[in-house]
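The values are calculated or read from the model by the stated rules, or taken from the named source; none is laboratory data. Predicted model only: the values in this text are computed from it and were never measured. Using ideal geometry, Cβ is built from the backbone for each residue, glycine included, and neighbour counts are taken over all protein chains shown. Surface accessibility is based on the protein's heavy atoms, side chains included, excluding ligands, DNA and RNA. Shrake-Rupley method; radii C 1.70, N 1.55, O 1.52, S 1.80 Å.
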Amino acid sequence: MLLLGAVAGTASVSYWGLQGKWMRERDAEQDAGPDVWDEPAARVELQQLQEQFNQLASKKGQTDHLITEIQRFVERYPKYAQGRILLAQAMIHDEQYEQAYEQFNLSLELDGQQPEVQLLAGTLAYKLDRLNDAVRHYSMAVGLAPANPRYRLHLAQVYLRQRQDEQARNELLAALRADSSMHEAYAALAQLYAQQNKITLALAQTQKAVEHTPVSEPAKRVQYLRHQTKLLLRDNRPQEALLTLESLTPDQRAQPQVMADMATCWSMLDQPDRAAQLYEQAAAANPTRWRLVAMATSWRLKANDVEAARAHLATLTRLRPQAPEVQELRAVLEQAALQPATNTTTK
C-alpha cells in the first residue's frame, strides 16, 4: 500500500515547522506558572539551545551532552512548554522515542493550544504503534485548526491503518474541500479504494494524485505512477502498466524499483526475454553494478535461455564472487541445463 509522504519516515519527526513566527508568538503568550522567572532570558537561552541542536542535527552529530543541557533548562523552567518541545526534538534525534513522546505530552499539558505539537505528538504515537493516541492528537489538531488539511490527512492515514474506511474517506474529502490540489489526499483515497478492491476508483484517484503533483516533487510522481502500475497489473492490464512506466524519464526508469516493475510487466506479457534485455542494457551502461547482472541472469533463466544465463553468471562471478546470488543462480542454472536431457529420456 502507498504510504502518505506526510506520515512515512516518522522516525525523523522534527521541530523545524515550529520555528519562526509561530514559535515567537507562542513564546510571547506562554505562561510559565506562578514562579517568578525571567521570560526574555529564558527565550534567549532556548533559542541558543535550538541553534546548537540545529547545527548538530544538520551534521548528524551526537546530541547526548546537549540533551543533558536541555534537561537542565527544563528543570529550571518546568512550566515553559517550548523547552519541552526542544527536549522532545533532541530525544527523537537520539532515537529516544518513548521519552520524546512523554515530553510532547507534558508540553501539551502546559499549553493545549498547539496544533503543530499535536501533529508531532500524533506522528510519534503513530510510529510507536499507539494508534488510538495518534487519533486523539490528530483530532485535537483538527479541532484547533479545522481549515488546515494537513491535520485531516494525518488523521485519515491512521483511520486507514485501523481499517475505519468511512472515517478515513470523510477526512480525506474534507481535506480536499480545503485544498483541492492536495495530491497526498488523492493518493490516500486511492489507497482506500484499493483496500476495498475498487480498482477503477483507485486508478482514478491515483491519476488525480499524479496530475496535482508539483514539478518540484518528481519522486512523488514516480511513487504515484508505480502505484498506478501495480493497480493495472492487479487488474490484469500489463500493457497499460508498461506504458505508464515508459512515460517516466530515462533516469527514473533506471531506478531499481521501477526496473523491477517493468520486468514484472514483461513477464505478465509472457516476454521474460524483454525483461532480461532491460537488465542487460542497464548492465552494459553500468558494468560495475553486479546486481544488474544478477537480475539479467535470473530473467534469462526464466526465458529458458541457458547459454545467455551461463555467460551472465560468469560475469557475475567475476564481479562479486561472494554474493549469495552466485550460488543460488548456479543451482538454478544447473537444474535448467539438465532439463532438456531429462525430457529426452522421458520420451
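As a check on your grasp of the helix formula, calculate [θ] at 222 nm for the chain: sum -39500 (n - 2.57) over DSSP H runs of n ≥ 4, divide by the residue count, round to the nearest 500.
Helix contribution divided over all residues of the chain: -23500 deg cm²/dmol.
So, for the chain, what is the accessible surface per residue at a probe of 1.4 Å, expressed in square angstrom? Before the final figure, lay out each step's value.
Working: 17620 Å² over 347 residues.
Dividing the accessible area of the chain by its residue count gives 51 Å².
Roughly to the nearest percent, how much of the accessible area of the chain is carbon and sulfur, given a 1.4 Å probe?
Roughly 50 percent, rounded to a whole number.
Would you mind checking the tilt of helix 272-285 against the longest principal axis of the Cα atoms of the chain, expressed as 0 to 90 degrees and rounded to 10?
Tilt relative to the chain: about 70 degrees.
When we measure straight from the Cα of K60, which aspartates and glutamates land under 12 angstrom away, once same-chain ones fewer than 8 places off are left out?
Partners found: D94.
Taking square-rooted eigenvalues a ≥ b ≥ c of the alpha carbon gyration tensor, is segment 252-339 rounded, prolate or oblate, where a/c under 1.5 means rounded and, failing that, a/b exceeding b/c means prolate? Walk me through the numbers on the way to the answer.
Values: a/c = 2.01, a/b = 1.16, b/c = 1.73.
Cα axes put segment 252-339 in the oblate bin.
Run the numbers on the chain and let me know its relative contact order in percent, using alpha-carbon pairs under 8 Å that are six or more apart. Don't skip to the answer; put the middle values down first.
Working: 401 pairs, mean separation 30.9, N = 347.
The normalised contact order for the chain reaches 9 percent.
What is the Cα centroid distance between segment 201-223 and segment 116-152, reported in whole angstrom?
24
Just to confirm the number: angle between the C-alpha axis of helix 81-93 and the first principal axis of the chain, 0 to 90 degrees, nearest 10?
Roughly 20 degrees, rounded to the nearest 10.
Mind pulling the angle between the C-alpha long axis of helix 256-268 and the longest principal axis of the chain? Nearest 10 degrees, somewhere in 0 to 90.
For helix 256-268, the angle is close to 40 degrees.
When the dipole is taken about the Cα centre of the chain, and only Lys, Arg (+1) and Asp, Glu (-1) are charged at their Cβ, what size is it in debye, to the nearest 20?
Working: 38 positive and 41 negative charges, 286 e Å.
Roughly 1380 debye, rounded to the nearest 20.
For segment 274-337 and segment 253-272, what is the separation of their Cα centres, given in Å?
Centre-to-centre distance over Cα atoms comes out at 16 Å.
Which entry in (i) 18.5, 55; (ii) 26.5, 98; (iii) 19.7, 67 matches Rg and Dmax of the Cα atoms in Å derived from the coordinates of this structure?
(ii)
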